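Beneath this line is the structure, given in structure tokens, with notes to follow.
The values are calculated or read from the model by the stated rules, or taken from the named source; none is laboratory data. For clarity, every value in this text was computed on a predicted model and none was experimentally measured. Every residue, glycine among them, receives a Cβ derived from its backbone with ideal geometry; neighbour counts consider all protein chains shown. Ligands, DNA and RNA are stripped out before the accessible areas are found, and what is left, the full protein with its side chains, is counted by its heavy atoms. Shrake-Rupley method; radii C 1.70, N 1.55, O 1.52, S 1.80 Å.
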Amino acid sequence: GLYSAELINLGGTQCVLIVVTDISDRIHAEEQLRAAAERDRLLAQIASRIRRSLNLDQILDTTVAQVRQFLHADRVYIYQGTPCGQSKVVAESVDFHWPSMRGWQMTETLDKEDKKDFFQQDDVRVFEDSTQLKVPPSLQELYTQYQIRAALLVPIMLGDEPFGWLAVHQCSGPRHWQPTEIELLKQLATQVAIAIQQAELYQQVQTLNTNLERQVEERTAELQQKMQELQELNKIKDLFLHAVT
């Protein structure tokens with residue numbers, strides 16, 4: 001509230017006239033503006049880092065650390081995998097109170113059907129309290145093992161192909177995920193996809209350069225060998241002409 005007060009004389013009695021204006025909506029709007037500005041700053045910072053760096057591991061590690069700090073979450077990680085392909089946690093930031101998922105692989109804990117369901121990448125996955133979910137035993141075992149009470153998972157898509165998930169966990173208790181938090185994670189997933197594609201292109205360029213360098217070295221070696229053969233032939237020719245003379 002916004003308070004104002006003024007001394008007044010009411011029938012010969014000193015009184016205080018107090019006016020209180022409810023400014024809850026204004027305060028809420030200011031908080032939303034500050035949060036939006038902070039989100040924009042975080043996105044701009046990550047986007048700038050992606051443009052300036054080709055070190056994918058460093059980009060992903062810094063991203064999950066900043067997201068966890070911004071959302072005050074217990075665990076943030078990036079999971080790479082498909083139902084039939086390679087699967088692993090490629091980056092993680094976790095509070096020291098909770099177990100790390102660095103070594104976790106989906107094949108170790110989820111059944112085939114559960115994995116297929118887990119990788120339906122059409123939608124964002126959101127749940128606020130894992131104890132209220134009706135899930136297969138393998139998923140419930142996963143939630144218990146890593147103490148996952150609430151989760152927000154956003155798919156990372158490379159074009160039309162799924163790469164994996166950008167995931168946020170709350171381990172200390174249930175959590176209601178705000179629409180702004182979901183939207184932030186969607187935008188960050190897009191930035192992560194850009195970083196991955198950029199790193200893949202750089203790797204392709206490096207491979208091409210390596211191949212070109214190898215081809216140049218091979219051709220140079222061939223030319224040197226031909227030059228040596230020509231020199232030997234010239235020596236033989238000189239010796240032959242000398243013998244004929």
message = Checking a compactness column here: for the range 163-212, what do you get for Rg(Cα) / (2.2 N^0.38 Å), N being the number of residues?
response = 1.76
task = With all protein chains present, calculate the accessible area of V20 using a 1.4 Å probe and round the result to the nearest 10 Å².
result = 80 Å²
task = Please report, in cubic angstrom per residue, the volume enclosed by the convex hull of the alpha-carbon atoms of the range 148-245.
result = 121 Å³
message = Please give the Cα centre distance for the range 174-245 versus the range 31-93, rounded to the nearest Å.
response = 31 Å
note = Accessible-area order for K134, K88, largest to smallest, probe 1.4 angstrom, reads K134, K88
inquiry  = For the chain, compute Rg over Rh where Rg is the Cα radius of gyration and Rh is the Kirkwood radius from the inverse mean 1/r over Cα pairs.
reply    = 1.38
task = Give the relative contact order (percent, whole number) for the chain; include only Cα pairs under 8 Å separated by 6+ residues.
result = 15 percent
query = Can you give the helix-only mean residue ellipticity at 222 nm for the chain, where every DSSP H stretch with n ≥ 4 adds -39500 (n - 2.57) and the sum goes over all residues, rounded to the nearest 500 deg cm²/dmol?
reply = -18500 deg cm²/dmol
ask   = Contour minus end-to-end for D61 and I18, with contour as 0.36 nm per residue of separation and end-to-end as the Cα-Cα distance?
value = 10.1 nm
Neighbourhood charge, 13 Å Cβ-Cβ cut-off, centred on D129 and excluding it, Lys, Arg +1 and Asp, Glu -1 = +2
inquiry  = Suppose all protein chains stay in the model; what accessible area per residue would a 1.4 Å probe give for the chain, in Å²?
reply    = 65 Å²
request  = Estimate the FRET efficiency between M157 and V216 by the formula 1/(1 + (r/R0)^6), using the beta-carbon distance for r and 35 Å for R0, to the nearest 0.05.
outcome  = 0.35
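Within 15 Å, Cβ to Cβ, of A243, how many net charges do the neighbouring residues add up to if Lys/Arg are +1 and Asp/Glu are -1? Don't skip to the answer; put the middle values down first.
Details: positive: K235, K237; negative: D238.
Summing Lys/Arg as +1 and Asp/Glu as -1 gives +1.
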remark   = In whole percent, the fraction of accessible protein surface over the chain that belongs to carbon or sulfur atoms, probe radius 1.4 Å, stands at 53 percent
ask   = Which three lengths, in whole Å and largest first, does the range 1-87 cover when its Cα atoms are put on their principal axes?
value = 86, 31, 16
